[in-house]
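Working notes, structure below.
The values are calculated or read from the model by the stated rules, or taken from the named source; none is laboratory data. Keep in mind that this is a model prediction, so the values were computed, not measured. Cβ placement follows ideal geometry from the backbone for every residue including glycine, while neighbour counts extend to all protein chains displayed. Just the protein is used for accessible areas: all its heavy atoms, side chains included, with ligands, DNA and RNA removed. Shrake-Rupley method; radii C 1.70, N 1.55, O 1.52, S 1.80 Å.
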Amino acid sequence: MLATDLFARQATLARSVRLLAQFRYEQTDPARFYGALAADTVTLVGDLWQAVDGSPASGLTLLDVGGGPGYFAAAFDDAGFNYIGVEPDPAEMHAAGPRTHSQGTFVRASGTALPFADSSVDICLSSNVAEHVAQPWRLGEEMLRVTRPGGLVVLSYTVWLGPFGGHEMGLTHYLGGKRAAERYTRKHGHRPKNDYGSSLFAVSAADGLRWARDTGDLIAAFPRYHPRWAWGVTKVPLVREFLVSNLVLVLQPS
């Protein structure tokens, strides 16, 4: 069975529309947005594990790099995972208040220098973090290091040239990252949360695929929010930079 076989059944047009409808709430109602994303991510990870291992993922230790304020923690805890969240920013870690921290374990640390032993977790996840890191593939190498052989690494990130590459700056990122950030600042009177060059970087689909293939551990790559019939765009150079939007790299350490 291919790693994506089970999740492919979930990747319908209705799911894509439902998730895209939640994106408009990211800034105004993060609990609504991240709650929906967390539930979908639990399904994604569970299906990937079931496909490659043949057993349910419940009871496994999952390390979430860039876990934020805990929305993912609640969803993975409810699904029976032993959840560990890593977040470098204390403000982000507590953004949702203390209620989310009753579930899972949280560690303040950088994703590019994870304070965990080699081969110490079953699954390592990073959702929409790599584009916020100056050295995204160093983050990827750390994820592989801490994941045991036969485990899974799931690294999902927003592609710069896709429609959501500019995050809250909207489509102005096509004018250039620095120009888009300055335009946002003039309009809103403050720098964007995802500020180009400091907390947002131009990460391409080609770079991620090249890094993942070079590791020798890549078992699947597909656009996260697309219906299954549109996954083929990942294989088309240049086109994928504009149409993939969010790329999922699935690796299995040997």
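So, in the range 128-141, how many residues would count as being open to solvent by less than 30 Å² (accessible area, probe 1.4 Å) and either part of a helix (DSSP H, G or I) or at positive phi (or both)?
Final tally of qualifying residues: 5.
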Checking the structure you have, find out if any residue of the range 208-227 is within 17 Å of the chain's Cα centre (by Cα), farther than 25 Å from ASP40 by Cα, at pLDDT 95 or above and outside any strand (DSSP E or B). yes
Of the criteria (1) open to solvent by less than 70 Å² (accessible area, probe 1.4 Å); (2) without any contact (Cβ under 8 Å) to a residue 60 or more places away in the chain, which one LEU200 fails: (2)
Out of the residues in the range 106-127 that are in a loop (DSSP other than H, G, I, E, B) and in contact with a Pro (Cβ under 8 Å, 6 or more places away or on another chain), which is most open to solvent (accessible area, probe 1.4 Å)? ARG108
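For the condition assigned to a helix (DSSP H, G or I), more than 18 Å from SER16 (Cβ to Cβ), open to solvent by less than 50 Å² (accessible area, probe 1.4 Å) and of a type outside the set (A, V, I, L, M, F, W, C), what is the one hit in GLU241, GLU182? Walk me through it before giving the result.
Working: GLU182 fails: open to solvent by less than 50 Å² (accessible area, probe 1.4 Å).
None of the others qualify; the one that does is GLU241.
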With (1) modelled with pLDDT of 85 or more; (2) more than 19 Å from the chain's Cα centre (by Cα); (3) surrounded by fewer than 14 Cβ atoms within 10 Å (Cβ to Cβ) as the list, and VAL17 as the residue in question, which single condition is left unmet? (2)
Would you pick out the residues in the range 103-145 that are more than 13 Å from the chain's Cα centre (by Cα) and closer than 16 Å to ASN82 by Cβ? GLN103, GLY104, THR105, PHE106, VAL107, PHE116, ALA117, SER119, SER120, VAL121, ASP122, ILE123
Unmet requirement for ASP40, which otherwise passes all of (1) open to solvent by less than 50 Å² (accessible area, probe 1.4 Å); (2) in contact (Cβ under 8 Å) with a residue 40 or more places away in the chain; (3) charged (D, E, K, R); (4) farther than 19 Å from ASN82 by Cβ: (2)
How about the range 47-90: which of its residues are among the small types (Gly, Ala, Ser) and either in a strand (DSSP E or B) or open to solvent by 20 Å² or more (accessible area, probe 1.4 Å) (or both)? GLY54, SER55, SER58, GLY59, GLY66, ALA74, ALA75, ALA79, GLY80, GLY85
